[in-house]
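One structure below.
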Amino acid sequence: WGLLLLTAALEVTAAARCPAPCVCDNLRAHVLCLNGSLTAIPDTVPELTKKLDLRGNSFMVIPAGAFLATPYLTHLDLQRCKVERLEEGAFRGLGRLVYLNLASNSIALLYQESLDGLSSLQQLILEGNRIEEIQPGAFGHLGSLTVLDLRANALVYLPDMVFQGLQVLRWLRLSHNALHVLGSEAFAALPALRRLSLDHNELQALPGEALARLDGATRLDLGHNPITYVAEEALAMASLRHLFLDHASLQDVAPDAFARSPQLRMLDLRENQLQGLPPLAGAGGLARVSLDGNPLLCSCLLRPFHNWLARARVQAEGACAAPPALRGRSLDSLKTPEMRCSRLRPRPSPTASPAQPRAAKGSRPCPQGCVCSLDFHHGSCENRDLWEIPRGFPRDTRLLDLRRNPFRTVPPDAFSGLKELVSLHLQSCTIRALHPGALRGLESLVYLYLTNNHLSTLAAAAFEGAPQLAYLDLDHNAFTHVPAGAFRLLPNLISLHLQHNAIGELAEGDLAGARGLRWLYLAGNAIRHIAPAALAPTKMLEKLHLEGNQLLEVPTAALRGLPALNELKLSRNPIKNMGDSVFLPVASSLQHLYLDNMGLEWISPYAFTGLGPKIRSLYLESNKMSNIPDMSNFKGLEILNLQDVPFHCDCQLLPLHRWINKLNLHVGATCASPAEARGLKVKLSTTFQTCPGWARGEAGDTNPNKTKATSKPSKKKRSGKSPARGFSKSRA
């Protein structure tokens, strides 16, 4: 009895400590704080908690020691928490944690100590962030990790030994990034890896040298990359069984391309540009080749491959595209005499494969006061009070960290000889001028960080000699306008950061030359106006962040001609009114829309015209609008935030109440009036039970076979009792 009383007392104590917006299940040691307004990690979570779910909050930064009060955690979910930075030691003390989910945040950089203390972690999910670079050693303390998910980030380059320390990792997911450069030793420290996903990237050649380090990998996904040719012995993976090269740009494959992958059983070459294949010598274990979706020319030129299929007993999937007499015929139905060559000429094959980059063999001593890592090709002179940019780094240096030195200027040819440099860090260096030719010779440079300096202008000539630059970070400088024409020499620019400057407008010509730009970050400026043609050069733009500016209206005209835009952030702009069809130019592509914290007072019933099933997340919290447009067509919604909107829960809000009840989402909509409903969720308020048609509508809702049309808000249009196409509220 004493033990039972003690257990009960502990449970009561734990319940008393449960944070106010959270739900605590003490029997299972679970705490849920979902889709709330938390801005800091709660420090009153019961100490014995094992699973902590904090999805949908607004933490921005995970500070050092944030979870020291909950050392028994095994599962931690921080999805969609607007996290931008993980401070060093953020997870220190979580030695029992086995699962950490940080998906769908805004993390841009992983430092060496960001994940310190997670010695038992088995699964790390970082999908859907903005990670542009991983510093070597970032995963060095994760010796138990088996799954690392880095999908849908902004990675362009993987340095050597970047995954060092992941001795038991079995699946590495790098899909949907922009990778086009892999260090030859990028995968050297992954002895247990079995599956590597590199699909949906920008690889133009098979990264054979990097992949050769993966002796134990059995599955490799390389589909959806612009690879045109697979060269002789390009792939040397001793255990590889499944290779996916589908939806690439393949035009030819060398006969012995896979001779050094003797265990290969399945080869997926669907949806390429192959007119044929040679006999694949050396691939003795191959059992299946998929060629569906290729323009196969079933002439005499295909006979050697066709005969090899029969001899090697390899199953082939695919159909002829030519000649006309054989169009549509499957490969396995063809007879050799049918494959003729009259009036046909062989297509020339590439004579050489694209060259693979190689590291320079020689290296020079490190500049005095700096540290150079030969293993990582990494040089650092961080915070050494240097007044001039040092010279004499090893020629094969690929990452150079010069942060926090008072350089003031970057002179011409400051980095001569560093042809292999990929990442250059010049943050917090009091730089006022980047002189013409400053980056000359940096022909491999992909990342340039100039955050927290005093730059107010830039000339295009400053970027001369750095044509591969893809990521340019100019946040926290002194720009009052976008440096017009400065990006003309950067054809590969993908991501441009100009946040937290003093830019007042975006004018026509400012982004001239930035034709490959995908992500544009302009948050925290003073932008009042965007010219209709300002974004015209950026036809590939996918993300546009304009939060925290001075816009008074949605820049509809400027959004025209952006067919790929899927994320638009207008949060914290003083937009009070939103008119008709304001998002129509991007309605066919937009998936994520941020309209929170604007003081929005009125939304036209037709404001969301054109938007529909593609919308996945919509943020409308902390506004003052007097109507909600009809969103019943938003059938793909995963996130809808209506917190801190003072709804008046009367009969005019009944359509919104019914729609929310069907969503099966936590939307946070709360009644502010009338008095008897104040503080209640719109979804649960009983004030609607006195409304005409309440009983009929609810009966329809409880019937799972009833069609959705019975309570569509748009049907109210004819009655005249609520605004057309809108969910409204009154303040009577």
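The values are calculated or read from the model by the stated rules, or taken from the named source; none is laboratory data. In this text the structure is predicted, and so the values were computed from the model without any measurement. FYI the Cβ positions are ideal-geometry reconstructions off the backbone, even for glycines, and counts take in every protein chain you see. Ligands, DNA and RNA are stripped out before the accessible areas are found, and what is left, the full protein with its side chains, is counted by its heavy atoms. Shrake-Rupley method; radii C 1.70, N 1.55, O 1.52, S 1.80 Å.
Some values worked out for this structure:
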quantity: Distance in nm between pseudo-label sites at ALA587 and THR39 (7 Å out along the Cβ direction from Cα); calculated: 3.6
quantity: Isolated Cys in the chain, by beta carbon distance under 4.7 Å; calculated: CYS81, CYS429
quantity: Heavy-atom accessible area per residue - the chain, 1.4 Å, Å²; calculated: 42
quantity: Calculated mean projected area of the Cα convex hull in nm² (choose from [x] 37.4; [y] 39.5; [z] 48.0), label; calculated: [y]
quantity: Full-stretch length increase - ARG265, GLU601 - with 0.36 nm per residue and alpha-carbon distance subtracted; calculated: 114.8 nm
quantity: Amide H partners (placed H, <5 Å) of ILE628, local residues excluded; calculated: PHE727, SER728, LYS729
quantity: Filter on LYS82/LYS614; LYS419/LYS569; LYS82/LYS662; LYS82/LYS419; LYS51/LYS543 - keep pairs with C-alpha separation over 31 Å; calculated: LYS419/LYS569; LYS82/LYS419; LYS51/LYS543
quantity: Portion, in percent, of the accessible area of the range 115-155 that falls on carbon or sulfur, probe 1.4 Å; calculated: 39
quantity: Mean separation of Cα contacts under 8 Å, 6 or more apart, over the residue count of the chain: relative contact order %; calculated: 4
quantity: Accessible surface of the range 534-693 [probe 1.4 Å, protein heavy atoms]: carbon and sulfur percent; calculated: 52
quantity: Distance from the range 410-460 to the range 553-596 (C-alpha centre basis), Å; calculated: 34
quantity: Taking the range 369-478 and dividing mean pair separation by its residue count, relative contact order in percent (alpha carbons under 8 Å, at least six apart); calculated: 21
quantity: Net length gained if the chain between ARG96 and ARG327 were fully extended (0.36 nm per residue, minus Cα distance); calculated: 77.1 nm
quantity: Sulfur and carbon atoms: percent of accessible area, the range 424-509 [1.4 Å]; calculated: 50
